[in-house]
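Participant: Sending over a structure as structure tokens; questions will come in a sec.
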Amino acid sequence: MTTSQQLFEKAKELIPGGVNSPVRAFRAVGGSPLFIKSAKGPYIYDEDGRSYIELINSWGPMILGHAFEPVEQAVRDAIQHSFSFGAPTRKEVEMAELIISMVPSVEKVRMVNSGTEATMAAIRVARGFTGRDKIIKFEGCYHGHGDSFLIAAGSGAMTMGVPDSPGVTKATAADTLTAPYNDLAAVEVLLENNHNQVAALILEPVVGNMGCVLPEPGFLEGIRSLCDKHGVVLIFDEVMTGFRLARGGAQERFGITPDLTTMGKIIGGGMPVGAYGGRRDIMDMVSPAGPVYQAGTLSGNPIAMSAGLAMLRHLNDNPGVYSRLEEIGTKLHTGFSNSLAKLGLPFTINQIGSMFTLFMTERSVSNFADAKTCDLPLFGRYFHAMLERGVYLAPSQFESLFVSVALTDELIDQVIQANEESLTVALTNA
Ligand SMILES: *Cc1c(COP(=O)(O)O)cnc(C)c1O
């Protein structure tokens, strides 16, 4: 048994499924998860001393590579002044100012501790603001594990086969309406059938949680105008796309202005941080400025703010990061496409900037139904073949890959080579 396997056996006795977040358990691909000891730059190291090229990067935050020095230094500096005060700090003001300057639609912002907290708060605020109860989400989009969002949820919920989780009350489920992604007509029908009842529409402006799925031309514009017409608060969940698809996230890249934005992942530089922000009149509904209650003992934690600030400052000051991420994404896309052509495989690749999914289906993938046509056993064999070749992928077909700028051209070539070999192995062992 490897050290990872021994740790997993013990963990399963102590922690549900042996993990603190479901997808990590490798259930969708079989086998036993790697237990990670450390990581630096483009590499991650397991408890058995093996190294892997990172294509998950903590599900996004490590966009500059692991243990990026300016972030590390900021944390070291902050630690000397105690770890938490539960009182306002200068860093929170600096953080708010920076977020507002980077994200086009954000006029005021509140810090929380995770993406889940951000989305839960955002819909509460939208409900308080509109006086309406219902929300619209898209099938296969993931917005964290809040009750209202575990209806046709993507990411781990989809991977585990529980897109509709037990434990969510019927009343909560009834207030969440769902439509297929990229289907404006379906949204219009929902809005007309629930006239003056819909508080908010929440979506991933580019989906990462059913694999990478792009909005079709006109989709985001159409959503914006439907929300305007029906007085619905439009929430862009940019927990994944924020500070990734552009300095100002997907809203900058596509030129669409949401009313509220939820943020997470990169914003904490690897520490547990989330945020929600947007229009001043809506954000002024939040306590203590307004009546909608939302709080957090550790919110705006000084160590987390220091890491996040160092991360965002680097992204803000170095536009070269984004051009390099585009270059890496394009190189991988081209390399993988060439291999598919060479092997005569009709599979689909969706890529935008540093988000990337190889879908093992002949269908083009623009919604949840398309994504579900993938050959999952084939993906499992491919995943393990990649791991054997030293490439660490997300252990599920329904996730996006997230590259970091630490990936050199040489490493990109290694990944492309490993992909071609792994596809061959996966097909042969069917
Ligand atoms: C990861 C993610 C979340 C949840 O964030 P957590 O920090 O895991 O709670 C919400 N929305 C999107 C789009 C995400 O990718």
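Participant: Mind listing the long-range amide H neighbours of G274? Cut-off is under 5 Å, sequence gap 5 or more, other chains count too, H placed in the peptide plane at 1.01 Å from N.
Facilitator: Distant-sequence amide H within range of G274: V112, N113, S114.
Participant: May I pose another question? Please work out whether segment 231-326 counts as rounded, prolate or oblate from its C-alpha gyration tensor, where a ≥ b ≥ c are the square roots of the eigenvalues and a/c under 1.5 means rounded, while otherwise a/b larger than b/c means prolate and anything else oblate? Spell out each step's value before the answer.
Facilitator: On the way: a/c = 2.65, a/b = 1.26, b/c = 2.10.
Oblate.
Participant: Now for a separate question. Taking the Cα-to-Cβ direction at L376 and at A173 and moving 7 Å from each Cα, how far apart do the two end points lie in nm?
Facilitator: Label-label distance for L376 and A173, simple model: 1.9 nm.
Participant: I'd like the Karplus ³J(HN,Hα) series for segment 373-383: coefficients 6.51, -1.76, 1.60, θ = phi - 60°, whole numbers in Hz, and an x wherever there's a Gly or Pro.
Facilitator: 7, 5, 7, 6, x, 4, 4, x, 5, 4, 4
Participant: Using amide H atoms built in the peptide plane, which far-off residues or other-chain residues are under 5 Å from S404 H to H?
Facilitator: Sorted by chain and number, the residues that satisfy this come to none at all.
Participant: Between L345 and E72, what is the label-point separation in nm under the 7 Å Cα-to-beta-carbon projection?
Facilitator: The modelled label-to-label distance comes out at 3.5 nm.
Participant: Let me ask another. Going by average Cβ neighbours within 10 Å, how do the peptides 67-80, 360-373 rank, with the highest at the top?
Facilitator: 360-373, 67-80
Participant: Another question, then. In terms of Cα to Cα distance under 28 Å, which lysines are near enough to K108, apart from those fewer than 8 places away along the same chain?
Facilitator: K91, K134, K137, K229, K265
Participant: Please tell me the relative contact order of segment 69-317 in percent, rounded to the nearest whole number, where contacts are Cα pairs under 8 Å and at least six residues apart.
Facilitator: Once divided by the residue count of segment 69-317, the mean separation gives 31 percent.
Participant: At q = 0.26 Å⁻¹, what is the log10 ratio I(q)/I(0) for segment 22-61, with the Debye formula run over Cα points and no solvent?
Facilitator: So the normalised log intensities work out to -1.01.
Participant: Something else now. What ranking, highest mean first, results for peptides 378-384, 407-413, 241-247, 48-54 when packing means the other Cβ atoms within 10 Å averaged over each residue? Kindly include the intermediate steps, with their values, before the conclusion.
Facilitator: Numbers: 378-384: 20.9, 407-413: 14.6, 241-247: 26.0, 48-54: 17.4.
Ranking the peptides 378-384, 407-413, 241-247, 48-54 by packing returns 241-247, 378-384, 48-54, 407-413.
Participant: Further question: Label segment 69-317 by shape, choosing from rounded, prolate and oblate, from the square roots a ≥ b ≥ c of the eigenvalues of the Cα gyration tensor; if a/c is under 1.5 it is rounded, and otherwise prolate applies when a/b is larger than b/c, oblate when it is not.
Facilitator: Because a/c hits 1.5 or more and a/b exceeds b/c, segment 69-317 counts as prolate.
Participant: With each pseudo-label sitting 7 Å past Cα toward Cβ, what's the A369-D133 distance in nm, one decimal?
Facilitator: If labels sit at A369 and D133, their model points lie 3.0 nm apart.
Participant: Hey, another quick one. Report, in cubic angstrom per residue, the convex hull volume of the C-alpha atoms of the chain.
Facilitator: Roughly 141 Å³ of hull volume per residue.
Participant: Okay, next question. Could you tell me the distance between the Cα centroids of segment 340-415 and segment 234-279, to the nearest Å?
Facilitator: Spelled out, the Cα-based centre of one part sits 24 Å from the other.
Participant: Which ³J(HN,Hα) values, rounded to whole Hz and listed in residue order, are derived for segment 395-405 from phi using the Karplus coefficients 6.51, -1.76 and 1.60 in 6.51 cos²θ - 1.76 cosθ + 1.60 with θ = phi - 60°, glycine and proline given as x?
Facilitator: Each residue's phi maps through the Karplus curve to give x, 6, 5, 8, 9, 8, 8, 10, 8, 10, 6 Hz.
Participant: I would also like to ask the following. Roughly what % antiparallel, to the nearest 5, for the DSSP beta bridges in segment 69-317?
Facilitator: The antiparallel proportion sits near 35 percent.
Participant: How would you order 92-100, 255-263 from highest to lowest mean count of nearby Cβ atoms within 10 Å?
Facilitator: Per-residue mean Cβ counts within 10 Å order the peptides as 255-263, 92-100.
Participant: With θ set to phi - 60°, apply the Karplus curve 6.51 cos²θ - 1.76 cosθ + 1.60 along segment 332-340 and write out the HN-Hα couplings as whole Hz, x wherever there is a Gly or Pro.
Facilitator: Per-residue couplings from phi come out as 5, 4, 4, x, 5, 4, 4, 5, 4 Hz.
Participant: Can I ask one more? Take every DSSP beta bridge with both residues inside the chain and express the antiparallel ones as a percent of the total, to the nearest 5.
Facilitator: Among the beta bridges of the chain, antiparallel pairing accounts for roughly 55 percent.
Participant: Would you calculate the volume per residue, in Å³, of the smallest convex hull containing every Cα atom of segment 215-278?
Facilitator: 71 Å³
Participant: State to the nearest 20 debye the size of the charge dipole of the chain about its Cα centre, where the only charges are +1 on K and R beta carbons and -1 on D and E beta carbons.
Facilitator: 580 debye
Participant: Could you give the semi-axes, largest first, of the ellipsoid that matches segment 135-226, computed as the square roots of 5 times the alpha carbon gyration tensor eigenvalues and rounded to whole Å?
Facilitator: Sorted largest first and rounded, they come to 21, 18, 9 Å.
Participant: Here's another thing I want to ask about it. Long-range amide H contacts for G154: which residues qualify at under 5 Å (H placed 1.01 Å from N, peptide plane, sequence gap of 5 or more or a different chain)?
Facilitator: Hits under the 5 Å cutoff: G140, C141, Y142, H143.
Participant: Using Cα centres only, tell me the gap between segment 5-59 and segment 145-202 in whole Å.
Facilitator: Value for the Cα centre distance between the two parts: 31 Å.
Participant: If a/c stays under 1.5 just call it rounded; otherwise compare a/b with b/c (prolate if a/b is bigger, oblate if not). Do that for segment 1-141, with a ≥ b ≥ c from the square roots of the Cα gyration tensor eigenvalues.
Facilitator: On the way: a/c = 2.17, a/b = 1.38, b/c = 1.57.
The shape class here is oblate.
Read-outs: derived from the displayed coordinates by stated rules, not from any lab. Note that the structure is predicted; figures quoted are calculated from it, not measured. FYI the Cβ positions are ideal-geometry reconstructions off the backbone, even for glycines, and counts take in every protein chain you see.
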